[in-house]
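What follows draws every value from the coordinates through simple rules; no lab data is involved. Predicted model, so just to flag it, every value in this text is computed and none were measured. So basically every Cβ, Gly included, is an ideal-geometry build from the backbone, and we count neighbours across all protein chains shown.
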Amino acid sequence: MQNTPHIPVMLNEVLENLNIKDGGVYIDGTFGNGGYTSAILDAKNTKVIAFDRDETVLPRVKEVKEKYGDRFIFFQECFSKILPTLKQNDIKRVDGLVLDIGVSSMQIDTPERGFSFRFDAPLSMAMGQNNLDAKEVINNMSESELSDIFYKYGEEPRSRAIARRIVSIRGEKPIKTTFELVNIIKNIVGEWQATKVVPRIFQALRIYVNDELGELEKVLGDSESILSSGGRLVVVDFHSLEDRIVKNFIKEKTEIKQAVSRYIPVAIENNQKLSFKSVNKNAIIPSKQEVEMNPRAHSAKLRVMEKL
Ligand SMILES: C[S@@+](CC[C@H](N)C(=O)[O-])C[C@H]1O[C@@H](n2cnc3c(N)ncnc32)[C@H](O)[C@@H]1O
């Protein structure tokens, strides 16, 4: 693992909203550098069950284990697997679940992982436990599939032209590195536009390769069964596609749906079971001082719900 430390985003706000209690059991679904995990373990006499899909976190897991012993358990798994993992291990009570979605500083700053367009490296972007990597996507998927990925996950208006050029170039020789992809994009949109387009294409590939939105939808759906009554769900997300999923989930689980027609019996509405209450009406965002100190926090949004 690269030694760029990951600065935990909105750490105080996360701790406060998890409502940490002595004797509580908390899940950190995105261990990373263990910033949240260690803070939860230091705050009170708690237990933390942590998950991360990336095996490069294991040396850090070892350090945390050495310090906290039985109070800390780690599973190298995707967070979509939290519920079956808890069942297999007969863990029933969970007082809080925190998710800090996305890539860590260690991942993005390790050139050979291929997450960053700032370094020339093999096209990978796999966080761990993946079925495919970015090189396979770029070289094997059809023009329309590529265009859909760039449009859907990168919200890139020139997705079609970029996909067309990729397919034409790879016909001559495979596209293997981040800089080859960056240069293809620059040739189409020009240097100036590329500063916006390249990050969108890289974001789209990363989301697709790691099924990031599918993972998020799955863990949110499972959170109902993961959390005990009164347990808190705290999600920190970093872009609008993730935030839309979290917001819609909160809406669905915390608001009685309005009757579509006034002829629908009221009983149908009342039968709707709400499983969560929303804790904050609006998303919590990082302070100006935090963003100055840690620019990577700038787009973060923290949303909180409580299991009924
Ligand atoms: C932003 S970092 C978390 C940093 C952590 N909160 C800290 O303070 O050190 C995100 C971590 O979540 C992991 N991750 C992302 N998606 C995941 C998923 N679907 N399942 C499990 N881990 C995931 C990444 O590998 C990365 O290590």
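Can you give the longest run of the chain that contains no trypsin sites (Lys or Arg not before Pro) sitting in a DSSP loop with at most 11 other Cβ atoms inside 10 Å?
93-256
In percent, how large is the relative contact order of the stretch 131-209, given Cα pairs closer than 8 Å and 6 or more residues apart?
43
Which entries in LYS47/LYS281; LYS21/LYS273; LYS251/LYS307; LYS62/LYS301; LYS92/LYS301 show an alpha-carbon gap greater than 19 Å?
LYS47/LYS281; LYS21/LYS273; LYS62/LYS301; LYS92/LYS301
From the Cα gyration tensor of the stretch 131-209, with a ≥ b ≥ c the square roots of its eigenvalues, which class applies: rounded if a/c is under 1.5, or else prolate if a/b is larger than b/c, or else oblate?
Because its axes are fairly even, with a/c under 1.5, the stretch 131-209 counts as rounded.
Quick one: dipole size for the chain, taken about the Cα centre, charges +1 on Lys/Arg Cβ and -1 on Asp/Glu Cβ, in debye to the nearest 20.
The calculated dipole for the chain is roughly 600 debye.
What percent does the relative contact order of the chain come to when contacts are Cα pairs within less than 8 Å and at least six residues apart?
18
Within the stretch 83-125, which residues have the backbone N less than 14 Å from the label spot 7 Å out from ASP70 along Cα→beta-carbon, could you tell me?
none
Which of GLY171, GLY221, GLY128 ends up with the largest GNM mean-square fluctuation for the chain, with Cα atoms connected below 10 Å?
GLY171
Just how large is the dipole of the stretch 77-236 about the Cα centre, in debye to the nearest 20, putting +1 at every Lys and Arg Cβ and -1 at every Asp and Glu Cβ?
340
Have a look at HIS6, VAL137, HIS239 and report the one farthest towards the positive end of the charge dipole of the chain, computed about the Cα centre with Cβ charges (Lys/Arg +1, Asp/Glu -1).
HIS239
Where both partners of a DSSP beta bridge lie in the chain, what percent of those bridges are antiparallel, to the nearest 5?
Just about 40 percent of them are antiparallel.
Taking Cα centroids, how far is the stretch 171-190 from the stretch 54-68 in Å?
Using only Cα atoms to place each centre, the spacing works out to 37 Å.
When SER287, SER229, SER124 are ordered from fewest to most other Cβ atoms inside 10 Å of their Cβ, what list results?
Exposure proxy ranking, most exposed first: SER229, SER287, SER124.
Counting other beta carbons within 10 Å of each residue's own, what order do ILE285, ILE27, ILE226 fall into, fewest first?
ILE285, ILE226, ILE27
Given the -39500 (n - 2.57) contribution per DSSP H run of 4+ residues, what per-residue ellipticity at 222 nm results for the chain, rounded to the nearest 500 deg cm²/dmol?
Calculated from helices alone, the mean residue ellipticity at 222 nm is -14500 deg cm²/dmol.
Rg and Dmax in Å for the stretch 161-308, alpha carbons only: what are they?
Rg then Dmax for the stretch 161-308, in Å: 21.4, 64.
Based on alpha-carbon positions alone, could you give the equivalent ellipsoid semi-axes of the stretch 26-156 from the gyration tensor, as √(5λ), descending, whole Å?
Taking √(5λ) for each Cα gyration eigenvalue gives 32, 17, 12 Å.
Go from 0 up to the bin containing the longest alpha carbon distance in the chain, width 10 Å each, and give me the % of pairs per bin.
Spelled out bin by bin, the chain gives 6, 25, 31, 22, 12, 4, 0 percent.
Note down the magnitude of the dipole of the stretch 1-156 about its Cα centre, charges +1 on Lys and Arg C-beta and -1 on Asp and Glu C-beta and zero elsewhere, to the nearest 20 debye.
Rounded to the nearest 20 debye, it is 760 debye.
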